[in-house]
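Shown next, in C-alpha cells, is the structure this report addresses.
Derivation of every value follows stated rules applied to the coordinates shown; laboratory data play no part. This structure is a prediction, so every number in the text was calculated from the model and none was measured. No Cβ is skipped: glycine too gets one built from the backbone with ideal geometry, and neighbour counts run over all protein chains shown.
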Amino acid sequence: MDIVESKEELMLSYQLLKIKLSRSNAGKTSVIDMNNAILIQEKLGGKEFGMDILNDFHGNYYGSFAREKLSMRCGETDKAKSVINIDISNVGKAISEKLKHLGTLDCDVFVDEDKIYVLEFNPRFGGGYPFSHEAGINTAAIYIEWIRGGNSINTFNNYKENMVFAKHDTLINIPVLGEL
C-alpha cells in the first residue's frame with residue numbers, strides 16, 4: 001500500500017506496482033487482468049476505528065465495541081484505545097439490523113469531523129478483537145452462555161473506554177524437524 005501526495009507520485013507508484021505485480025506469483029500464474037489489478041482509492045481524513053458488532057445467534061443486536069486505531073503494522077491494528085461513542089455505536093446497530101448476522105462482525109470505520117465512513121466489514125473475529133477483549137468484552141464466554149441458554153450475558157460485558165493496549169511479538173526458537 002502506498003499513500004501518495006501528488007499526481008506525479010501516483011503515476012510513479014502505479015507504474016512501480018505494475019512491475020512488482022508482474023513479477024509476483026499472482027502475475028505469473030493468474031489469469032487476472034493486469035491492467036485492472038491495482039486498486040486506487042481516495043485517502044480519507046480523520047481517525048480510523050475498528051468495531052466488533054455483536055449479534056446473538058438469532059441475528060438480534062447485542063452491542064458495538066469500538067477502538068481507535070493508534071498504530072498499524074502489516075495491515076493489522078498494532079496499538080488501540082477502547083472508546084465508547086454513541087455515533088459509532090449507532091452505525092454498528094444500523095449495520096446489525098440490516099445484516100442480521102450471527103455472532104461477531106469485524107468493522108472498520110473512519111470518523112472525519114461529523115461524518116462516519118464505513119470502510120469494510122467481515123463476519124469473523126478480526127485482528128483487533130484482542131483489544132476489545134482486554135477492554136472488557138468476552139465474546140467467547142458470551143457465545144458459550146448463549147449456547148447454554150443462560151441469562152448471565154452481561155456478566156461478560158465489562159467494556160471500559162480509554163483502555164490502551166499494544167500487541168507484542170516474541171521471538172521463539174523452533175527446532176528443525178528431526179531435532180525434536
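Below, the figures for the structure above:
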| read-out | value |
| --- | --- |
| Sum of side-chain charges, Asn162 neighbourhood, beta-carbon under 13 Å (Lys, Arg +1; Asp, Glu -1) | 0 |
| Fraction in percent of alpha-carbon pairs per bin - 10 Å, segment 1-145 | 10, 33, 27, 20, 9, 0 |
| 13 Å beta-carbon shell around Gly92, net charge (K/R +1, D/E -1) | -2 |
| On Cα atoms only, tilt of 139-148 relative to the major axis of the chain in degrees | 50 degrees |
| Burial order of peptide ranges 108-115, 39-46, 62-69, 82-89 (average beta-carbon count within 10 Å, highest first) | 62-69, 82-89, 108-115, 39-46 |
| Helical mean residue ellipticity (222 nm; -39500 (n - 2.57) per DSSP H run of 4+; nearest 500) of the chain | -8500 deg cm²/dmol |
| Segment 133-180: GluC sites (Glu not before Pro) in DSSP loop, at most 12 other beta carbons within 10 Å | Glu179 |
| Whole-number percent relative contact order across segment 47-166, with pairs defined as alpha carbons under 8 Å at least 6 apart | 29 percent |
| Burial ordering of Cys74, Cys107, fewest other beta-carbon atoms within 10 Å first | Cys74, Cys107 |
| 9 Å beta-carbon shell around Asp78, net charge (K/R +1, D/E -1) | +3 |
| Simple Cβ-charge dipole of the chain, Lys/Arg +1 and Asp/Glu -1, about Cα centre, in debye nearest 20 | 340 debye |
| Cα-based helix-to-principal-axis angle, 86-99 vs the chain, degrees rounded to 10 | 90 degrees |
| Folded to 0 to 90 degrees: helix 7-23 orientation relative to the chain principal axis, Cα | 90 degrees |
| Spatially proximal lysines relative to Lys81 (Cα-Cα < 29 Å; intrachain offsets below 8 disregarded) | Lys43, Lys47, Lys69, Lys93, Lys98, Lys100, Lys115, Lys160, Lys167 |
| Burial ordering of Phe121, Phe49, Phe131, fewest other beta-carbon atoms within 10 Å first | Phe121, Phe49, Phe131 |
| Segment 51-102: projected area of the alpha-carbon convex hull, averaged over directions, in nm² | 3.9 nm² |
